[in-house]
1. When residues of region 55-73 are filtered for being surrounded by 14 or more Cβ atoms within 10 Å (Cβ to Cβ), more than 20 Å from the chain's Cα centre (by Cα) and not in a loop (DSSP other than H, G, I, E, B), how many remain?
2. Quick one: which residue in Val50, Val22, Val62 is β-branched (Val, Ile, Thr), modelled with pLDDT of 90 or more and touching a strand residue (DSSP E or B) at 6+ places or on another chain (Cβ under 8 Å)?
3. Identify, from the list Leu39, Leu8, the residue that is among the aliphatic types (A, V, I, L, M), closer than 30 Å to Phe68 by Cβ and modelled with pLDDT of 85 or more.
4. Out of region 1-39, which residues are surrounded by 10 or more Cβ atoms within 10 Å (Cβ to Cβ) and within 16 Å of the chain's Cα centre (by Cα)?
Amino acid sequence: MYNPFEDLFTEIMHLQMTLDQVLTTVRSQPTQAEIEKPLSRKEAAKFLNVSYGKLCSPTCKVPSIRKFGKYYYLKSDLLNYLKSDDRE
């Protein structure tokens with residue numbers, strides 16, 4: 001005799017597997033916060049392949065964020081700076 005609950009159970013199990021796959025994919029993606037983790041001045045200098053002193057120069061046009069008396073740099077800003085015509 002036909003049991004409709006068996007079909008429902010099969011469909012629920014299929015949905016559960018699909019949901020597990022989606023969650024695994026989403027969890028493996030880096031978050032925006034991880035992508036935009038601020039770099040220290042030393043890390044930014046290494047990323048740009050310039051000296052630490054170059055970033056400390058008052059004439060330096062590299063975009064930075066100053067918080068708590070320290071300078072921080074975002075990789076996206078550094079990449080945009082490298083692509084721009086405003087470089088020193």
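The values are calculated or read from the model by the stated rules, or taken from the named source; none is laboratory data. This is a predicted model, so every value here is computed, not measured. Please note: Cβ atoms are built from the backbone with ideal geometry, for glycine as well, and neighbour counts cover all protein chains shown.
1. 1
2. It is Val62.
3. Within the list Leu39, Leu8, the selection yields Leu39.
4. Ile35, Glu36, Lys37, Pro38, Leu39
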